[in-house]
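I have placed the structure first, in the form of structure tokens, so that the comments after it can refer back to it.
Please treat every number below as a calculation from the coordinates, not as lab data. This one's a predicted model, so the numbers in the text were calculated from it and none came from an experiment. Cβ sites come from the backbone with ideal geometry, for glycine too, and all protein chains shown count toward neighbours.
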Amino acid sequence: MKSLVVVPAFAFLFATAALAGGGHTGGHGHDDAAEGKHMAVGEPGQASDVTRTIKVEMLETDDGEMIFKPDRLALKQGETVRFTIVNTGELEHEFVLDNKARNAEHKDLMQKFPEMEHDDPNAVRLMPGESGEIVWTFTNGGGFEFACLVPGHYESGMYGELSVVESPVTN
Ligand SMILES: [Cu+2]
């Protein structure tokens, strides 16, 4: 009787391990991030839920830094924000909303494949003078990051801290 239970359980474990191994390497495949779902930082929001607009500028400074202005944002859990992102610099930049670890992973990938294109809902890439927007709902509290992952830009200062304050449960 026992082997009847053991065999399927083992098969299940094997299948789970294989899935876990294959799902986390791409970064830009059709994974959760690309779909904009189940990300720690939140999910794409509805324009009708927007409660405030935050303008973020991307630019280079005279002393060779690349920056976001502002470079620190504080939000509340549950809030839906419209980010208006403007590239006021002279180089191409991007705004990627994620957690620090995933931005670091993504940055490594872009170092290897600089021509890589993506249209993830948590990111916008802009030429000088262009502007774009992201509507985002911050479903989880915690510390996150917005960053430009064009090779060399993060190292030149192009990242900012985003903290989402957990809202008290109101039931
Ligand atoms: Cu940049």
Out of all the residues in the range 38-64, which are loosely packed, with under 12 Cβ neighbours inside 10 Å and either free of Cβ contacts under 8 Å to residues at least 24 places away in the same chain or under 27 Å from GLU155 (Cα atoms) (or both)? HIS38, SER48, ASP62, ASP63, GLY64
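Is it the case that MET66 is within 11 Å of the ligand (Cβ to nearest atom) and over 17 Å from the mean Cα position of the chain (by Cα)?
Working: within 11 Å of the ligand (Cβ to nearest atom): yes; over 17 Å from the mean Cα position of the chain (by Cα): yes.
So MET66 fits the description; yes.
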Being within 16 Å of the ligand (Cβ to nearest atom), within 18 Å of VAL41 (Cβ to Cβ) and not β-branched (Val, Ile, Thr) is the filter here; which residues of the range 93-108 pass it? GLU94, PHE95, LEU97, ASP98, ASN103, ALA104, HIS106, LYS107
Restricting attention to the range 124-149, report how many residues are within 12 Å of the ligand (Cβ to nearest atom) and within 14 Å of VAL41 (Cα to Cα). 2
Take the conditions within 13 Å of the ligand (Cβ to nearest atom), among the charged types (D, E, K, R) and either within 16 Å of the chain's Cα centre (by Cα) or over 21 Å from HIS38 (Cβ atoms) (or both) and apply them to GLU115. Does it pass? no
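Would it be correct to say that GLY152 is among the small types (Gly, Ala, Ser) and within 14 Å of the ligand (Cβ to nearest atom)? Give the steps one after another, and end with the answer.
On the way: among the small types (Gly, Ala, Ser): yes; within 14 Å of the ligand (Cβ to nearest atom): yes.
Yes; evaluated as a whole, the condition is true for this residue.
Give the residue, chosen from GLY160, GLY89, that is surrounded by 15 or more Cβ atoms within 10 Å (Cβ to Cβ), over 26 Å from ASP49 (Cβ atoms) and out of contact with any Gly (no Cβ under 7 Å at 6 or more places or on another chain). Even if it seems obvious, please write down each step before you answer.
On the way: GLY160 fails: over 26 Å from ASP49 (Cβ atoms).
From the options GLY160, GLY89, the qualifying one is GLY89.
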Hey, among MET66, MET116, which residue is in contact with a strand residue (DSSP E or B) (Cβ under 8 Å, 6 or more places away or on another chain) and farther than 17 Å from PRO44 by Cα? MET66
PRO168 passes all but one of (1) within 24 Å of THR61 (Cα to Cα); (2) of a type outside the set (Ser, Thr, Tyr); (3) more than 16 Å from the ligand (Cβ to nearest atom); (4) in a loop (DSSP other than H, G, I, E, B); which number fails? (1)
Could you tell me whether any residue of the range 109-119 is exposed (fewer than 13 other Cβ atoms within 10 Å of the Cβ), of a type in the set (Phe, Trp, Tyr) and out of contact with any helix residue (DSSP H, G or I) (no Cβ under 8 Å at 6 or more places or on another chain)? yes
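Looking at the range 84-92, is at least one residue assigned to a strand (DSSP E or B), more than 15 Å from LEU162 (Cβ to Cβ) and away from the ligand (no atom under 16 Å from the Cβ)? Walk me through it before giving the result.
Taking the range 84-92 as the starting set, the residues that turn out to be assigned to a strand (DSSP E or B) are 84-87.
Next, only the ones that are more than 15 Å from LEU162 (Cβ to Cβ) stay: 84, 86-87.
Subsequent filtering for residues that are away from the ligand (no atom under 16 Å from the Cβ) retains 84.
Looking for residues that are assigned to a strand (DSSP E or B), more than 15 Å from LEU162 (Cβ to Cβ) and away from the ligand (no atom under 16 Å from the Cβ), one finds at least one in the range 84-92, hence yes.
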